[in-house]
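Engineer: Below is one structure. I have some questions about it.
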Amino acid sequence: MPGTVERMTAMLHRKTSSMRSAAASLRGEAAAPGDKSVSHRALMLSSQAPGVTRISGLLEGEDVLNTAKALRSLGVTIRQGEVWETEGVGIGGLAESAEVLDMGNSGTSTRLLMGLVAPYPFTTFFTGDASLSKRPMKRVIEPLERMGAKITARRGHLPLAVTGAADMLPARYRLPVPSAQVKSAILLAGLNIAGKTTVIEPQATRDHTENMLRFLGFKVEVSTLSHREGDGGGRGERRPHPEGGGDVAISIHGHQRITPANHEIYVPGDPSSAAFPVVAALLCRDSRILIRNVCVNPLRAGLFTTLKEMGAKLECKNERMVGGEKVADITAETSALKGVVVPAERAPSMIDEYPILAVAAAFARGETAMHGLSELRVKESDRLAAIVESLAACGVSARAEGDSLYVKGGDVKGGATIATHFDHRIAMSFLVLGMASNDPVTVDDATAIATSFPNFVQLMNGLGAKIEMPDVGCQAPDRKASSGIHPLVIAVDGPAASGKGTLARRLAEHFGLDYLDTGSLYRAVGMKLVYAGKDPRDRAAATEAAQTIDADDLSNPRLRQEHIGQAASVVSAFPEVREALLEFQRNFARSANGAVLDGRDIGTVVCPEANFKFFVTATLYARARRRHKELSGQGIEVVFESVLDDLRERDERDGKRAIAPMKPAGDALVIDTTVLDAGEVFERACGVVEKSREAEKQHAC
Ligand code: DC
């Protein structure tokens, strides 16, 4: 059950993934990560264009990887590399997926793919994580059902099944809510439906789908209507369209014949991500930065317009067109901001930016009023409530009334721990607030940041920010027996690919201790079974193997194979196997030289008396990246998602088993290595051991 795994992973990380930011000034240049909206569309739309499309700068965040995975399940060949490649199957070329499409946290992937699969006479099942399962899907279900698809959803939410039909009808549909995702879902369905499908927009929304379709050779017609059109059940107030006149109609003809061609797509930097360093530079003293290659499509640039109105020293330079999108380099420097009124009609062009705008408003002179924010209630979290609650925690006066938000600017205290509700933009916004407030700010869980901005901390710290993982919630390691002299026992636990082995080896080398990788014991048991043609689930055979492993088994190069890791995880759940290996590990720990042991239960079961206990972890995504890179380095070609799935499966099994489940000991120091390199992890752990031994030596004197 993927949902269960995610919840478990999130729970595992909850204790370990808080982050804190403190006052800083920013200088230098950086490039924002690829735009999320464009990345999703680059993969999806190129799958519809016959020919090979090479995609550079794709955002390799979890949401986009879920799109890639879903497309692969639907029969599209996608190759991952520095430059990604998709082989277009053409209109009507998707295949029925044998699997349920797990969309993780991604609303864009879900809604657009629902449209893409709707005109196919088969059923596609969608699921997602807890947060995505709360987001409204009726807005897509309704028009797709009108066009002839049958959709079964749990009260208008995920999980849901789309059963399409080959004879769907083209629609003329007026959007009741301004949503680029709904517009795109209808247009993507229209690609594979005979006739002309038209979406009427009373209010402009992101046009990346239209731009990308055109770039790939499809014809998309856009016209301004001289009147307001009544069809489509639109109930919303008409608001002026930036293109002037009445509603705008966007039409696509189905089954277009386009000449096969190869394409190159360069994904521009995401303005929604660039927003964080840009606002941070405006707020922090003595700052000046340049962010290169940012998408400044007018329908995405609402934040930059607003910040300029607030008095920001912000400039877009070197504007150019790349892959159908307008791109620029943005400079930002320390500015004295003033409060403004942000009109409702600007909301679609900056819907994701209100959390960071609210942070900017907290430092502005006077009040900022932001209108038309009803969509914020149905984002990754109830963002409107989260913004108000988090600002209040930092001493800022803010209130939500209807779909408006009011923030009074002034001196910002900070000093709070913010509940992010697994919302990446709340997490990043309040880390930015902490860079300019009087006291540092902590966010309780920064793991969600990886969904849109995997290198957020590196980029910000590279510009001079001070964002770090506080060791809060971790008790100091027990030092009672260390006495500054051997024997010293260090326990290092953690999930696969967290970096625990590297840390353990370095500590052993540094302090002259013996080292045991206890995972190799379980691997040896798994290997014996696999190479004897036995099933690792065979309890009796596993027990016998555990009782008979020898030193030669432990140096067998096959131990490191991925399928042996999986087998090890299976056999390690048998109490008899653990029992058979326990005494060996405890004896090893009693070595006269002192010892470092790494594994899953060293601090909790094998050596609860260890002098120092570390629990090394990292987000699932970061660990999968490392493992994937390691395997590629060894010339082993594996699909990234399968590495991700393997680790996920192993985490679940190792963490859920009844006996000695993987978990940090209550007195372990938890180190999250998501944004640390091996040297930094070692420095941190080594510093703890050395400081404590030094203190004890002095105490002994
Ligand atoms: O650390 P590793 O990937 O080599 O470990 C392989 C498996 O062995 C792991 O998935 C769970 C099991 N293991 C365990 O249960 N307890 C340990 N102390 C070490 C490993």
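Engineer: Only four residue types carry charge here, +1 at the Cβ of Lys and Arg and -1 at the Cβ of Asp and Glu. Report the dipole size of the chain about the Cα centre in Debye, rounded to the nearest 20.
Structural biologist: The calculation lands at about 1060 debye.
Engineer: How many percent of all Cα-Cα pairs in region 401-451 sit more than 18 Å apart?
Structural biologist: When every Cα pair of region 401-451 is considered, 39 percent fall beyond 18 Å.
Engineer: Taking 0.36 nm per intervening residue step and subtracting the Cα-Cα distance, what contour gain separates residue 639 from residue 658 on full extension?
Structural biologist: Computed gain between residue 639 and residue 658 is 3.7 nm.
Engineer: Quick one: which of 36/183; 500/629; 36/69; 138/183; 317/338 span more than 19 angstrom between C-alpha atoms?
Structural biologist: 317/338
Engineer: Something else about it: Can you pull out the GluC sites (Glu not before Pro) in region 579-615 whose DSSP state is coil and whose Cβ has at most 10 other Cβ atoms within 10 Å?
Structural biologist: none
Engineer: Multiply the residue separation of residue 80 and residue 365 by 0.36 nm, subtract the distance between their alpha-carbon atoms, and state the gained length in nm to one decimal.
Structural biologist: 97.8 nm
Engineer: Right, here's the next one. Restricting to Cα pairs below 8 Å that are 6+ residues apart, what does the relative contact order work out to for region 47-119? Please round to a whole percent.
Structural biologist: About 40 percent, as a whole number.
Engineer: Hey, another quick one. Got a number for carbon plus sulfur as a percent of the chain's accessible area, 1.4 Å probe?
Structural biologist: 51
Engineer: Show the residues, 5+ positions off or on another chain, whose built amide H is closer than 5 Å to the amide H of residue 498.
Structural biologist: Those lying under 5 Å, H to H, from residue 498: there are none.
Engineer: So, one more: Can you give me the P(r) profile for region 115-226? Cα pairs, bins 10 angstrom wide beginning at 0, each as a whole percent.
Structural biologist: 14, 44, 34, 7, 0
Engineer: Please calculate how many Å² of accessible area region 485-630 carries per residue, with a 1.4 Å probe and no DNA, RNA or ligand atoms counted.
Structural biologist: Dividing the accessible area of region 485-630 by its residue count gives 40 Å².
Engineer: Moving on. Give the residues of region 563-600 whose amide nitrogen is closer than 17 Å to a point set 7 Å from the Cα of residue 531 in the direction of its Cβ.
Structural biologist: Output list for this probe position: 563-569.
Engineer: Each residue of region 24-40 in order: what ³J(HN,Hα) in whole Hz does its phi give by Karplus 6.51 cos²θ - 1.76 cosθ + 1.60, θ = phi - 60°, with x for Gly and Pro?
Structural biologist: 7, 10, 10, 9, x, 10, 7, 10, 6, x, x, 5, 5, 4, 5, 4, 4
Engineer: If you count only protein heavy atoms with a 1.4 Å probe, what accessible area per residue comes out for region 307-400, rounded to a whole Å²?
Structural biologist: Heavy-atom SASA per residue in region 307-400 reads 35 Å².
Engineer: Moving on to the next point. Roughly speaking, what is the centre-to-centre gap between region 19-64 and region 588-612 when only Cα atoms are used, to the nearest Å?
Structural biologist: 43
Engineer: What is region 274-361 by shape, rounded, prolate or oblate, if you read a ≥ b ≥ c off the alpha carbon gyration tensor as root eigenvalues and call it rounded for a/c under 1.5, prolate for a/b larger than b/c, and oblate otherwise?
Structural biologist: It comes out oblate by the Cα gyration axes.
Engineer: Using +1 at the C-beta of Lys and Arg and -1 at the C-beta of Asp and Glu, which of 619, 571, 115 has the Cα lying farthest in the positive direction of the dipole of the chain?
Structural biologist: It is 115.
Engineer: Over region 646-696, with the other protein chains present, what is the accessible area per residue in square angstrom, probe 1.4 angstrom?
Structural biologist: For region 646-696, the per-residue accessible area is 41 Å².
Engineer: Under the classification rounded if a/c is under 1.5, otherwise prolate if a/b is larger than b/c and oblate if not, where does the chain fall, given a ≥ b ≥ c as square roots of the Cα gyration tensor eigenvalues?
Structural biologist: In terms of gyration-tensor shape, oblate.
Engineer: Residue 691: which lysines have alpha carbons under 18 Å from its alpha carbon, excluding same-chain residues fewer than 8 sequence positions away?
Structural biologist: The qualifying lysines are 480, 613.
Engineer: Can you tell me how much longer the chain between residue 690 and residue 172 gets when fully stretched, taken as 0.36 nm per residue apart minus their C-alpha distance, in nm with one decimal?
Structural biologist: 179.4 nm
Engineer: For the chain, calculate the relative contact order in percent as a whole number, restricting contacts to Cα pairs under 8 Å that are 6 or more residues apart.
Structural biologist: Reported as a whole number, the value is 14 percent.
Engineer: How are the C-alpha pair distances of region 52-206 spread across 5 Å bins, as whole percents from the shortest bin up?
Structural biologist: Pairs per bin, as whole percents: 2, 10, 19, 22, 21, 16, 9, 2, 0.
Engineer: Would you mind calculating the relative contact order of region 313-386 from Cα pairs under 8 angstrom and at least 6 residues apart, reporting the percent as a whole number?
Structural biologist: So the answer I get is 27 percent.
Engineer: Considering the options 487, 95, 386, tell which one lies farthest towards the positive end of the dipole of the chain, charges being +1 on Lys and Arg and -1 on Asp and Glu at the Cβ, about the Cα centre.
Structural biologist: 386
Engineer: Taking every DSSP beta bridge with both residues inside region 296-368, roughly what % is antiparallel (nearest 5)?
Structural biologist: Counting DSSP beta bridges with both partners in region 296-368, the antiparallel share is about 90 percent.
Engineer: Please compute the modelled spin-label separation between residue 22 and residue 579, points set 7 Å along Cα→Cβ, answer in nm with one decimal.
Structural biologist: So the two model labels end up 5.1 nm from each other.
Engineer: Report for the chain the percent antiparallel among DSSP-assigned beta bridges with both residues inside it, nearest 5.
Structural biologist: So the antiparallel bridges amount to about 60 percent of the total.
Engineer: Moving on. Using the basic label-point model (7 angstrom from Cα toward the beta carbon), what is the residue 256 to residue 155 distance in nanometres?
Structural biologist: Label-label distance for residue 256 and residue 155, simple model: 4.1 nm.
Engineer: Using the charge dipole of the chain (Lys, Arg: +1 at Cβ; Asp, Glu: -1 at Cβ; taken about the Cα centre), state which of 33, 404, 323 has its Cα farthest towards the positive end.
Structural biologist: Result: 404.
Engineer: Hey, with R₀ at 35 Å, roughly what FRET efficiency would residue 344 and residue 677 work out to, going by the Cβ-Cβ distance, to 0.05?
Structural biologist: Once rounded, the FRET efficiency stands at 0.15.
Engineer: Suppose every Lys and Arg Cβ carries +1 and every Asp and Glu Cβ carries -1, with no other charges. What dipole size does region 254-323 come out with about its Cα centre, to the nearest 20 debye?
Structural biologist: That gives a dipole near 80 debye.
The values are calculated or read from the model by the stated rules, or taken from the named source; none is laboratory data. The structure displayed is predicted, hence computed values, not measured ones. Don't worry about glycine lacking a Cβ; one is built from the backbone with ideal geometry, like all the others, and counts go over all protein chains shown. With ligands, DNA and RNA removed, areas are computed over all heavy atoms of the protein, side chains included. Shrake-Rupley method; radii C 1.70, N 1.55, O 1.52, S 1.80 Å.
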